[in-house]
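One structure is given here, and the rest of the page talks about it.
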Amino acid sequence: MNKNIVVITNHFLQSHLEGIFSKLDLDCNIKVVAFESIEKIHKVYDEYAASTDGFIVSSYFAKAALEMIDHEIKRPIISFEIDSTGVYRSILNLLLQNRDLNMNRVILDFMIPLEVGITANDFLNLMDSGYEKSAINILDMTLNNEGIKELETQIVNEILRLWNMNAIDLVLCQYSNIIPILEKHNIPYEYAIETPVFLENLVKRFSYLLSIDHMRENQPVMISISISDNNLNTEENMNLIKKHTNNFLQSNMINSSLYTRNAKCCSIITLDNLHHITNNEKNCSLSAYLNEHLNFNVSIGYGIGMNLDMAIRNSDIACKEALLVGNSFIFTEKGNLIGPLNSKECITIENNAIYDIGKIAKNSSLSAVTIKRIISITKINNSNMITTQDLSSHLKSTVRNANRILKNLEKGGYAKITCTQTSNVKGRPTKVYELNFHI
């Protein structure tokens with residue numbers, strides 16, 4: 001089945017890109033649409049998201065603006081900007097057209113924020129010197145809409161200043177959003193765009209990635225639901241979980257049978273289903289639904305697998321974490337632990353940290369998420385020294401619970417009391433713990 005890809009660009013490039021794509025031999029359907037302004041580009045995305053497999057946008061700015069929005073429908077997005085080779089080719093083309101053109105009076109708009117020179121000659125010298133930073137991808141930081149507008153304003157103001165000083169003859173332009181302003185002031189420009197061959201290869205690579213993404217969306221996911229209080233683990237309560245879980249899945253148009261395995265209510269869904277019911281791995285609507293319809297608490301583990309066996313194993317890992325912490329957890333096919341869902345403290349523990357953190361958690365009879373959060377606290381404070389009151393404050397838990405955590409870490413060999421603090425208030429001195437996780 002052919003992929004549907006929407007190319008989002010500005011009005012200046014729309015007809016040009018339509019002409020290029022209409023002549024390419026592609027195994028996908030391409031639709032080129034235009035946006036009015038960077039502030040409204042998300043509306044174009046939302047209009048086509050339901051009917052497309054992915055988006056190609058014609059600038060890094062446009063891609064950044066789209067990724068700032070938490071869209072209801074998630075689709076892959078890539079951008080294309082001319083690379084350094086393409087810029088070099090554009091400069092050579094300008095020289096071929098006019099050998100008398102002064103390269104010190106040709107400026108490159110995307111060079112202005114770099115502060116390393118802005119003329120065509122500056123660019124050529126940078127390339128000859130092996131300058132490592134791409135002259136095109138200047139945005140290493142995360143920009144918001146204000147940042148994008150400020151950057152464009154900086155570029156425009158500098159071009160106008162130089163033009164009014166009669167210091168430039170032409171702008172080699174990459175940010176097409178500023179073209180209307182250049183035309184308004186009668187400033188000559190050339191727009192640097194990639195070749196049809198580059199765009200054809202880009203679309204083919206993107207189409208392949210979309211096929212891989214589609215396959216991943218159909219990966220199996222095992223849901224494992226346990227009753228949080230083992231004393232309430234009765235057949236009657238398990239049947240209630242099955243009944244309400246089935247109602248929830250049907251209301252979300254998910255067809256899946258439920259069965260009992262190792263005192264858990266289980267169901268197999270797809271990764272696409274998981275994204276839907278967890279709002280892209282952030283919240284767990286199933287948990288909220290069951291809490292509303294049951295008079296006891298449940299813990300939910302989602303296991304993503306390359307196959308069913310892996311999904312089952314991963315769901316058991318996620319469910320174990322959920323029983324320790326509460327709420328719901330996801331364990332991915334890459335070995336990452338995500339959770340607790342429905343929480344401001346929802347974090348992702350990467351696979352490369354799972355083994356060490358899991359070992360510490362096991363030795364201390366604590367959850368991996370608790371260990372991860374404590375490690376984060378020590379990094380934020382830039383200190384391994386902590387008191388019960390400090391930990392209680394950071395974790396937003398009771399002092400009693402914080403004391404239990406530190407006692408467990410002490411038994412596991414990851415914490416020791418180094419000193420005590422006294423205060424003017426009557427009471428016992430405060431114990432100061434030194435944490436050492438050996439990672």
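The values are calculated or read from the model by the stated rules, or taken from the named source; none is laboratory data. Since this is a predicted model, take the numbers as computed values, not measurements. Here the Cβ positions follow ideal geometry from the backbone for every residue, glycine too, while neighbour counts run over all protein chains shown. Surface areas here come from the heavy atoms of the whole protein model, side chains and all, with no ligands, DNA or RNA. Shrake-Rupley method; radii C 1.70, N 1.55, O 1.52, S 1.80 Å.
Taking the Cβ-Cβ separation of LEU124 and MET68 as r and a Förster radius of 35 Å, what is the calculated FRET efficiency to the nearest 0.05?
Efficiency for this residue pair is about 0.50.
Which whole-number percentage describes the relative contact order of the chain, with Cα contacts under 8 Å and a sequence gap of 6 or more?
Rounded, it is 9 percent for the chain.
Can you work out the FRET efficiency for the pair LYS23 and ASN166, with r the C-beta to C-beta distance and R0 = 41 Å, to the nearest 0.05?
Once rounded, the FRET efficiency stands at 0.50.
Select from the chain the helices, each a whole stretch of DSSP H, whose alpha-carbon atoms run 18 Å or more along the helix axis and whose Kyte-Doolittle mean is at least 0.5; answer none if there are none.
Helices meeting the span and hydropathy rule in the chain are 84-97, 308-325, 368-381.
Longer than 31 Å from Cα to Cα, which of LYS23/LYS63; LYS264/LYS431; LYS334/LYS407; LYS334/LYS379; LYS43/LYS379 are they? Say none if no pair is.
Among LYS23/LYS63; LYS264/LYS431; LYS334/LYS407; LYS334/LYS379; LYS43/LYS379, the Cα-Cα distance tops 31 Å for LYS264/LYS431; LYS334/LYS407; LYS43/LYS379.
Of the peptides 63-69, 214-220, how do they stack up when ordered by the mean number of other Cβ atoms within 10 Å, highest first?
Details: 63-69: 18.0, 214-220: 14.4.
Highest-to-lowest ranking by the protection proxy: 63-69, 214-220.
Between ASN279 and ARG99, what is the FRET efficiency for a Förster distance of 51 Å, r being their Cβ-Cβ separation, to the nearest 0.05?
After rounding, the FRET efficiency stands at 0.30.
If you take every residue apart from THR245 with its C-beta less than 13 Å away from the C-beta of THR245, what net charge results, scoring Lys and Arg +1 and Asp and Glu -1?
Charge balance near THR245 sits at +2.
Using DSSP, restrict attention to beta bridges with both residues in the chain and report what percent are antiparallel, rounded to the nearest 5. Don't skip to the end; give the middle numbers.
Details: 32 of 56 bridges.
Around 55 percent antiparallel, to the nearest 5.
Based on alpha-carbon centroids, what's the gap between segment 322-383 and segment 99-131 in Å, whole number please?
One Cα centre to the other: 48 Å.
Using a Gaussian network model on the chain with a 10 Å cutoff between Cα atoms, which of ARG75, ARG400, ARG261 fluctuates the most?
Sorting by GNM fluctuation, first place goes to ARG400.
Can you tell me the length gained on complete extension of the stretch LYS243 to GLU292, counting 0.36 nm per residue apart and subtracting the Cα distance?
Working it through step by step, the gained length comes to 16.3 nm.
Match the structure shown to one of the listed values (1) 22.3; (2) 20.8; (3) 29.4 of mean projected area of the Cα convex hull in nm², computed from it, and give that label.
Here mean projected area of the Cα convex hull in nm² agrees with entry (3).
Distance in nm between label sites at GLN250 and LYS396, each 7 Å beyond Cα in the beta-carbon direction?
3.7 nm
Could you compute the net charge surrounding GLN97? Neighbours are other residues with a C-beta less than 14 Å from the C-beta of GLN97; K and R count +1, D and E count -1.
Spelling it out: positives minus negatives among the neighbours equals -1.
With every protein chain present, what is the per residue accessible area of the chain (1.4 Å probe, Å²)?
Value returned for the chain: 53 Å² of accessible area per residue.
How long is the gain from THR420 to ALA50 if the chain were fully straight, where each residue apart is worth 0.36 nm and the alpha carbon distance is subtracted?
Details: separation 370, 0.36 × 370 = 133.20 nm, distance 6.06 nm.
The THR420-ALA50 span can extend by a further 127.1 nm.
Name the residue, out of LEU96, LEU199, LEU24, whose mean-square fluctuation peaks in a Gaussian network model built on the chain with Cα pairs under 10 Å.
The residue that fluctuates most here is LEU96.
Report the local net charge at GLU410: Lys and Arg +1, Asp and Glu -1, summed over other residues whose C-beta lies under 13 Å from its C-beta.
So the environment of GLU410 carries a net charge of +4.
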